[in-house]
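Here the structure comes first, spelled out in structure tokens, and everything after it is commentary.
The values are calculated or read from the model by the stated rules, or taken from the named source; none is laboratory data. None of these values were measured; they are calculated from a predicted model. Positions of Cβ are generated from backbone atoms using ideal geometry, with glycine treated the same way; all protein chains shown enter the neighbour counts. Surface areas here come from the heavy atoms of the whole protein model, side chains and all, with no ligands, DNA or RNA. Shrake-Rupley method; radii C 1.70, N 1.55, O 1.52, S 1.80 Å.
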Amino acid sequence: MPMRIEKHPIIDYGKKGSVVTISVNGKEIKAFEGEPIAAAILASGIKVFRHTPKLHRPRGVYCAIGRCTDCIMRVNGVPSIRTCITPVEAGMIIESQEYTYE
Amino acid sequence: MARVEGVLTVEEVMKCPGWPGDNFIEKKRVAILECVEDIPCNPCEEICPVGAIKVGSPITNLPVIDGEKCTGCNKCIAICPGLAIFVVDKNHSQRFSSISLPYELLPLPKKGDRVEGLDRSGKSICRAQVEKVVALEKNDKTVIVTIIVEKEFCHDVRSIHIP
Amino acid sequence: MNEYDTELAIIGAGPAGLCAAIEAARLGVRTTIIDENARPGGQLFKQIHKFFGSYRHHAGIRGFTIGKQLLDEIENLGVEVMLNTTAFGFFDDGLIGIYGSGDVLPLRAARTVIATGAIEKPLNFKGWTLPGVMGAGAVQTMINVHGVLPGTRVLMVGSGNVGLIVSYQLIQAGAEVVALVEALPEVSGWHVHAGKVCRLGVPILLSHTIEQATGQDYVEGAIVSKVDRNFNAIAGTQKNIDVDLICVAVGLRPLIELASLANCRMEYISGLGGFLPLHDEYMRSSNEKIYVAGDITGIEEASTAMEEGKLAGISVARDVGKLTQETHNMMSRVIHNNLYELRLGSFGDERRRCKEAIIAKNAGRHVP
């Protein structure tokens, strides 16, 4: 399962942003303000970010640096946001983009 | 097991210039530089306070250890980016050898802990006791752990597992 | 639309871009760095291991510490850094299109350094799109920068330096690397990196590959198998491994989109990752106002990226008249020597040859 790293032998992760609440497909999760949305989603145990339109295959995070668009979700109504490079803001409403091609 | 598989044999270690030679191994606490590839790298030479390590030019040369000069100060263990240096005192006591190795994991062992000694392939081959744990700020999170093992394992144990 | 004006625009705030900015700004070139991420530093901040090379290459210092030193210098020099800003195009009249915080801005720069780095190559196997299959660099970003472990039982695919280093860093982060598979019959990265993980008990399965990532909605396991000399799976050698994270470390390729839009001449150099922009020995591309530095010019290391960035920075300074030819010659000699040292040895030979070929091809010389 994904999890947050509490203590690391080398890294001091520094002062995290304040703890805020965001909603992911209606489920409220805790996140640190300023961390990438994708990191918060993974840390909460959610692995599936969306399904592909034609074959409905589950997708999550792949490159984590904003290059591959696997992790895109609708954030506060704006579609196709790359969640791996977009910082969390308090109260964000995040939804999977589930389209279907006929 | 062999270098190409990620695991050096003791024979391969003894052939490399970072091996101080049997008589220094028997005589004193001395550094063993298990460095066998021509990577451009020489901080071990630059940090040794007594000039016991020579890389020279080009910096792809394998480091050569001078067992006579080496004082076993452990500075090279901490700086080696490949974590490939160990300081061994084969005749630490009648029965036991001591091995100082670099450690960068959590939890840290504590002095007195009984741990497992692992060989280069990660196999648990003996029991070991932690004699010393040194975390210096200048070593930048590379902790030097010194363990005591039965003599016959002194050339094989290069890692520990805390049960 | 108002144009934004600067003397030097640097696209990419990774080690190459930051070093280019430092050199140029020190010589009085008004410099603006553009990066689409929320934080500068590129991949440098996830390099938590100590660097190799010599003291002048920052040996013995952890990547993120070097990153902090670079950022401090950038701040001291007053270099402007535009974060969360994407450079999306080069236009005929020399304008660069940038987009940040909802605004599109045309940027005019006398010179531009493109230092956009690289992207991981994918590996296509059954189930490769399942959540839980990630690039090794992606995992490194998650664990070392964001403090999130995407899985706790890991299969690493690939034994190059990235695969070996990230395996070690996964263990440091508290995960178990259940196995590492490598299709070749020997470890392809440096022995010391392999040694670190082998002595922690990670089994390196040589001549093995991943056949499938299994699971319904996300990775629940993997099927690996032995391969023959032609990398074909050998029937009957399939093994199920219980993992929840599969890291793919099969190489990187330069991110060349912007350089292409700027009409830089490209060449396919397989030893350096694929298509890349040609350049001269001072990092000038085939487009006279554009310089390139770092992994975009071929996949190497952070240390070479920093040296190439410095080279690009002083070349810009010379080309806009802020550095004499003589001083430029002296400074570039030092950097060329640093680069030469970093490309020595059996692991550096191929990279050095490829770099020489790039410079030769750029000059129109035939390379056998």
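When B:Glu12 is tested against (1) more than 16 Å from C:Val192 (Cα to Cα); (2) in contact (Cβ under 8 Å) with a residue 24 or more places away in the chain; (3) open to solvent by 50 Å² or more (accessible area, probe 1.4 Å), exactly one condition is not met: (1). Restricting attention to the stretch C:152-167, the residues that are of a type in the set (A, V, I, L, M, F, W, C) and open to solvent by 10 Å² or more (accessible area, probe 1.4 Å) add up to 2.
Among all positions in the stretch B:58-66, there is at least one residue which is within 9 Å of another protein chain (Cβ to nearest Cβ) and farther than 30 Å from C:Glu182 by Cα.
Scanning the stretch C:105-135 for residues that are part of a loop (DSSP other than H, G, I, E, B), facing chain A (nearest Cβ under 10 Å) and of a type in the set (A, V, I, L, M, F, W, C) yields a count of 2. Evaluate the following for A:Cys84: is it touching a residue at least 24 places away in the same chain (Cβ under 8 Å) and either touching a strand residue (DSSP E or B) at 6+ places or on another chain (Cβ under 6 Å) or part of a loop (DSSP other than H, G, I, E, B) (or both)? For A:Cys84, the condition - touching a residue at least 24 places away in the same chain (Cβ under 8 Å) and either touching a strand residue (DSSP E or B) at 6+ places or on another chain (Cβ under 6 Å) or part of a loop (DSSP other than H, G, I, E, B) (or both) - is met.
Of C:Leu170, C:Leu149, which residue is crowded, with 22+ Cβ neighbours inside 10 Å, more than 7 Å from chain A (Cβ to nearest Cβ) and within 23 Å of the chain's Cα centre (by Cα)?
C:Leu170
Condition check ((1) at pLDDT below 95; (2) of a type in the set (Ser, Thr, Tyr); (3) closer than 25 Å to C:Ser346 by Cβ) across all residues:
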{"site": "B:Lys27", "(1), (2), (3)": "no, no, no"}
{"site": "B:Asn42", "(1), (2), (3)": "no, no, yes"}
{"site": "B:Ala52", "(1), (2), (3)": "no, no, no"}
{"site": "B:Gly67", "(1), (2), (3)": "no, no, no"}
{"site": "B:Gly72", "(1), (2), (3)": "no, no, no"}
{"site": "B:Val87", "(1), (2), (3)": "no, no, no"}
{"site": "B:Ser93", "(1), (2), (3)": "no, yes, no"}
{"site": "B:Ser97", "(1), (2), (3)": "no, yes, no"}
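One residue stands out among those in the stretch C:186-212 that are more than 7 Å from chain B (Cβ to nearest Cβ) and either in a strand (DSSP E or B) or touching a Cys at 6+ places or on another chain (Cβ under 8 Å) (or both): the one that is most open to solvent (accessible area, probe 1.4 Å), which is C:Glu211.
What about C:Arg333, is it within 14 Å of chain B (Cβ to nearest Cβ) and either open to solvent by 50 Å² or more (accessible area, probe 1.4 Å) or touching a Pro at 6+ places or on another chain (Cβ under 6 Å) (or both)? No; evaluated as a whole, the condition is false for this residue. Here C:Val79 clears all of (1) among the aliphatic types (A, V, I, L, M); (2) open to solvent by 10 Å² or more (accessible area, probe 1.4 Å); (3) over 24 Å from A:Ala64 (Cα atoms); (4) touching a residue at least 60 places away in the same chain (Cβ under 8 Å) except the condition numbered (4).
Of all the numbered requirements in (1) at pLDDT 95 or above; (2) more than 9 Å from chain C (Cβ to nearest Cβ); (3) in a loop (DSSP other than H, G, I, E, B); (4) in contact with an Asp or Glu (Cβ under 7 Å, 6 or more places away or on another chain), A:Gly17 misses one, and that requirement is (1).
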